[in-house]
Structures are given as structure tokens and as C-alpha cells.
Amino acid sequence: DQQVKQNSPSLSVQEGRISILNCDYTNSMFDYFLWYKKYPAEGPTFLISISSIKDKNEDGRFTVFLNKSAKHLSLHIVPSQPGDSAVYFCAGRNSGNTPLVFGKGTRLSVIA
Amino acid sequence: EADIYQTPRYLVIGTGKKITLECSQTMGHDKMYWYQQDPGMELHLIHYSYGVNSTEKGDLSSESTVSRIRTEHFPLTLESARPSHTSQYLCASSAGTVNEKLFFGSGTQLSVL
């Protein structure tokens, strides 16, 4: 059973507009979440994270929102740029000494 | 910047061959991981290690084995490769702090013919 779900396999956005990538999780013990960006044939790179004690974390053009009651988080990218085109993975883990659990990713295409 | 290295980047081999995928990190991280990823799928954890001489299997059943004799080195071995092993293999490490993040290598794209 998938503990981290990214239900949109792909998303297309025009350059300059906002990109919103969504992620749902089922494990109520998860208390830390991360977003990674991945280009083809490369390893994922860390983007932004959020702890369950917060509901928002911002870093430049990237903002992550966490809704614990809905077990939902989202990544907002604004303004979107063509270089943002990549696959974005959501990941979560619980407070125990356990590895991260990743979703299937959402492929973002930013069209110039 | 992350200092974690994987070799080779690409590998094409025949069925039945034994292969070892190399992963090294220079950050002194105790925790290291191997993930397997296919297009459109999640990263599946196949092995992890929380220190020297400590290895665990991940969620995804795998016919590979790992070893952790040195902190910086975490190689993955397939004794007899099969076409079903064709995938991207990603190595990662982390410091093991409370709100840790994983640093990934560039990956090895394995094709078994």
C-alpha cells in the first residue's frame, strides 16, 4: 500500500504562471516531508522540506504547504520557469529511525 | 554540494553476469541507501545501512546484496543479472540528524540484455 501518493503523473504550466504539485500521505505518524526534483538520468536533488510543526515553508520561488488534518501537502512554484521542467518527488518519514518513503512523482513541463 | 559518487553511470550487460555498482561518499555520513527507480514509478528502497557492518533490506524485494565495510563505501552486487534488473539504481546518504535530508548520487542506469 502506497504511503505517499502523487496522483497527478504530469502537469503542464505556462512560463511565469504558478505550478502547484500535490501529495497525499496515509501514515499519520509521518512528521517530516521533503520535495525532490529529478532530471532524466540524474539523481534527485533536494528542493525544500517541512516539519509537521509548521504549515508552511518558503524558499525563494518554492513554497510547501502542509495540511495535517487532510494529510496533504503541496509544492507551489511561482513564477514557473522552463528550467523547472523535471519530475518532482514528494517524500515523508515518521519520527522513528526509518528511511524516507517516496511517491511516484509528477512530471512538470513549463512551456515558454 | 553533495559529494556522493556512483560508478558506472551507464552499464549494458548480458544475462547471467555478476556486477557491482559502486557508491562512495566523502561527507562522513553514517546512513547510506540504495533505491531503484523506473520511469513513472516511486523510488523503491532496496537496501540501507546505518553504519559500518550494518545492512538492512528495504521494502522492495531484491536479489542484490550490499556490504558496508567502510563508512564511505556502500557497493551493491548482483550475482546473476537478469532483464528484470534493468532499472536506474540510486545511491544516497544522510547525516542521520533529526530533520535529515538525503543526498543522492547521479545514479547508474543498468540495462540487462
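The values are calculated or read from the model by the stated rules, or taken from the named source; none is laboratory data. Computed from a predicted structure; not experimentally measured. With ideal geometry, Cβ positions are generated from the backbone for all residues, glycine too; neighbour counts draw on all protein chains shown. Each accessible area value is taken on the protein alone, full model and side chains, heavy atoms only, with ligands, DNA and RNA left out. Shrake-Rupley method; radii C 1.70, N 1.55, O 1.52, S 1.80 Å.
Rounded to whole Å and sorted largest first, list the principal axis extents of the Cα atoms in the stretch A:4-107.
Ordered largest first, the stretch A:4-107 gives principal extents of 39, 28, 22 Å.
Excluding same-chain pairs closer than 8 in sequence, count the lysine pairs in the stretch A:4-107 whose Cα atoms lie under 13 Å apart.
Summing the qualifying lysine pairs gives 6.
Highest mean first, how do B:69-77, B:35-43 rank when packing is the count of other Cβ atoms within 10 Å averaged over residues?
B:35-43, B:69-77
Leaving out ligands, DNA and RNA, and with a 1.4 Å probe, what % of the accessible surface on the protein assembly as shown is carbon or sulfur?
Carbon plus sulfur share of accessible area: 50 percent.
Relative contact order of chain B, please, whole-number percent, based on alpha carbon pairs below 8 angstrom and at least 6 residues apart.
Here the relative contact order equals 36 percent.
Rounded to two decimals, what is Rg over Rh for the stretch B:4-112 when you use alpha-carbon atoms and the Kirkwood radius?
0.95
Excluding B:GLY16 itself, what net charge comes from residues whose Cβ is under 13 Å from its Cβ, given Lys and Arg +1 and Asp and Glu -1?
Every neighbour counted, the sum reads +1.
Given R₀ = 25 Å, FRET efficiency for A:TYR39-B:SER80 by Cβ-Cβ distance, to 0.05?
0.20
What quantity of accessible surface, computed with a 1.4 Å probe and excluding non-protein components, is buried in total between chains B and A, in Å² to the nearest 100?
The contact between A and B buries close to 1800 Å².
For the protein assembly as shown, what does the accessible surface come to per residue with a 1.4 Å probe? Please give it in Å².
Here the residues of the protein assembly as shown average 47 Å² of exposed surface.
Report, in whole Å, the centroid distance computed from the Cα atoms of the stretch B:21-50 and the stretch B:85-112.
3
For a protection proxy built on the mean count of beta-carbon atoms within 10 angstrom, sort B:23-33, B:4-14 highest first, please.
Packing order, densest peptide first, comes out as B:23-33, B:4-14.
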